1. Considering only residues of region 109-141 that are out of contact with any Lys or Arg (no Cβ under 8 Å at 6 or more places or on another chain) and of a type in the set (Val, Ile, Thr), which is surrounded by the fewest Cβ atoms within 10 Å (Cβ to Cβ)?
2. Applying the selection to region 271-284, what residues are more than 29 Å from the chain's Cα centre (by Cα) and part of a loop (DSSP other than H, G, I, E, B)?
3. Looking at region 278-298, can you tell me whether even one residue there is in contact with a Pro (Cβ under 8 Å, 6 or more places away or on another chain) and surrounded by 17 or more Cβ atoms within 10 Å (Cβ to Cβ)?
4. Restricting the first residue to region 338-355 and requiring it to be at negative phi and surrounded by fewer than 23 Cβ atoms within 10 Å (Cβ to Cβ), which pairs with a second residue that is assigned to a loop (DSSP other than H, G, I, E, B) and of a type in the set (D, E, K, R) meet a Cβ separation below 9 Å and a spacing of at least six or different chains?
5. Check off (1) modelled with pLDDT of 95 or more; (2) crowded, with 22+ Cβ neighbours inside 10 Å for Tyr503 and give me the number that stays unchecked.
6. In region 154-173, how many are surrounded by fewer than 13 Cβ atoms within 10 Å (Cβ to Cβ) and either in contact with a strand residue (DSSP E or B) (Cβ under 8 Å, 6 or more places away or on another chain) or among the charged types (D, E, K, R) (or both)?
7. For region 1-52, what are the residues that are assigned to a helix (DSSP H, G or I) and among the small types (Gly, Ala, Ser)?
Amino acid sequence: MDAFVADFHAYLTRDPNACVFKGIDARLDQLPDPGAANIDARVDEGRALLARADAMDSKGWDFDQALDLDLARLTLRASILEDTWSFNGRTRAQQKPTAGDDIGDGLFLMFVNDPRPAAARLDNILARIQKVPIYLNRLLERLDTPVKRWLQIDLEKVRELPGLLGTLVSWAETEDWERLVELRVACDTAEQALADYCTALEAMPTTEHFHLGRETAEALVASRGIELSLDEIHGLAKRFLASNRDRVETLRQALVQRYELDADLSVADTQAWLKKHYAVKVDPGQLEQVLDRYQAERERILGWIRERDLFPVLDDQDMKIMRTPAFMAPSIPAGAMMPPPAFREGTRTSLVYLTLSEELLDEHTEVEIPVMMIHEGIPGHHLQLATASVHPSTVRRHFDALEHAEGWTTMLEDYMLDQGYMGELTDEARYCGALDIARIGARVAIDLFFLTGDRAFLDVGIDCDLSSDDPFEAAGSLLQAVTGFTPGRVQAELNWYSQERGYPMCYLIGNHLVWSLKQDAQRANGDRRSAAQLDREFHRVYLQSGNMPVSFLRRVMAHEGLI
């Protein structure tokens, strides 16, 4: 098993950006190889590893070893599928330009979340920037009739990269770095190459079609360890949206009465009143002040849960809250969290990105900021993934269990309110939270539609116009009707849904599976533990078992005697 795990680790860290994300000191001076031959070689290597895994006999192994082998198999199947699925007669890689992510992500993370000395980081950054022209040429050779929406997304990201390069030069100047002149020259050359790339990309023929079909969609869902059919997932969305709509109306009536508002005030107008009433005070042109409010909330939440001993919190952890970089904003509608590098020693540090603009300012209010920090920070993604990053299993530190992560955080949004965190503003937070979480029902419908092309998946009992032939317009109509998001937020969400196949549905699937798991634990232990004791034990096992699908976590909970 040890030799297999070592080769498995090597396979998953061939990509230079994977090394940056995972905190591995290798290939940091390289950019990813976008060439088709490299992708083919990765597929061959993955298939060989999977064959080895399938041939291994886990009889006589302990529980954790056998579980890790199954997780490794699932990881390999998912990786191979991602590299090989096709539509329009071509692979995803042939139709998806990725320059903005491939170039920008690694550079930015080495700038903001790398503990090494500045000179060492700048050496790697310079080497990467010098390789930009070659990378772009190889990417253009790979592309064949890109999906139009994806081409536009990459153009938007790439056009923001010169701003990132300028920031890196400014940093090198403050460090009085000895290779500053080389960096300036490399950045000038890279900027011209990026401009030429944009010109070449704009000249390419494109396609509007990006659906994978039902069979591939089913394989993708199964590759995530989700044991539900597409129709079952669709049914979850319909039931969730109906029950959430009833919940919103009950809360609206209570709030209208409390604040002596017009009894006929609409759901949207009630929300608008709350947003205005509980707006965060920001000086004109000083959007960055919103970050200070989030930082204060982070400290308040941490103190509150420590007083109650609700979750095991790592001592050596930290979280940086920052504005979403411009080159990432097209794919981060409101906020996101970059987890701690799983293989880096020392303080487990996450990055929390917040997408700020005048248009989006009313999404950051005194009743919504706490819920956002619960979701992204502690006890949400940061605590979960920081804890997972110290698990001794190499396999689990590599696994990316999306419904495990999003199920945990969406469960917490309600759990923390149940525990009284928002005090007198609980109904207000529940109301805004219920309107916001409605997005996870719409995400399922749109994800299934984008995956399969089957428009019937958009029918989730919402009154909206789905007649447009443009899939983004039809999906946008549903999303706007469900959430009331601003047009800019709607489009950024759809950008993400279209590219991160099978991820958007994981919020609702995870929420359903995690609550079901917790309810099963309550039924099995209600007469043996107090509610507080069971919560603490459930949270401990959930967090300290590492990353895995919820279907695998069920096996752990059973092994631990919780269900």
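1. Here the residue is Ile134.
2. Within region 271-284, Asp283, Pro284 qualify.
3. yes
4. Arg344/Asp25; Arg344/Asp114; Thr347/Asp316
5. Answer for Tyr503: the failing condition is (2).
6. 1
7. If the condition is that a residue be assigned to a helix (DSSP H, G or I) and among the small types (Gly, Ala, Ser), then Ala3, Ala6, Ala10, Ala18, Ala36, Ala37, Ala41, Gly46, Ala48, Ala51 are the ones that fit.
Okay, residues lined up against (1) crowded, with 16+ Cβ neighbours inside 10 Å; (2) among the polar types (S, T, N, Q); (3) within 23 Å of Ile103 (Cβ to Cβ):
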residue	(1), (2), (3)
Glu175	no, no, yes
Leu180	no, no, yes
Val185	no, no, yes
Ala193	yes, no, yes
His211	yes, no, no
Arg214	no, no, no
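The values are calculated or read from the model by the stated rules, or taken from the named source; none is laboratory data. Nothing here was measured: the structure is a model prediction, and the numbers come from that model. Cβ coordinates were reconstructed from backbone atoms using ideal geometry, including for glycine residues, and neighbour counts include every protein chain displayed.
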